[in-house]
Amino acid sequence: MSEQSKQLAEETRRDVERLEQRERRPATWIGVVFYGGTLGLLFVVPIVAGAYLGRWLDSLASGYSVRWTVSLIVIGIAVGTYNAVRFIKHKT
């Protein structure tokens, strides 16, 4: 093997070892906080958006109605759950 091949093999071995050590290290507290915050936002934002959109649509209808609000909140829960599950599957 040439000198360049040996050097490349050594650098690759060091990189692989460094990556394996990083995978074994426990998560930092700031990483856990960001992960939880992201997961929470992925779940809550569709629910809140559904509530606001539903309330606006209900205000356009005559009389008292909460049909759109309730319907869009339920849809928001489904979308938020889908987002959270997809995020968790992608990260693991």
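Derivation of every value follows stated rules applied to the coordinates shown; laboratory data play no part. Note that the coordinates shown come from a computational prediction; the quantities given were computed from them, not determined experimentally.
Brief remarks follow.
- Convex hull volume per residue, computed on the Cα atoms of region 27-91, equals 60 Å³.
- For the chain, the longest principal axis of the alpha carbon atoms and the long axis of helix 3-24 meet at an angle near 40°.
- Taking amide hydrogens as placed 1.01 Å from N in the peptide plane, the amide H of SER65 sits under 5 Å from that of no residue at least 5 positions away in sequence or on another chain.
- Rounded tilt (10° steps) of 67-91 against the dominant C-alpha axis of the chain: 10 degrees
- Residue-averaged 222 nm ellipticity for the chain, from DSSP H runs of 4+ at -39500 (n - 2.57), nearest 500: -30500 deg cm²/dmol
- Full extension of the chain segment joining HIS90 with GLU10 gains 25.6 nm, where the gain is 0.36 nm per residue of separation less the Cα-Cα distance.
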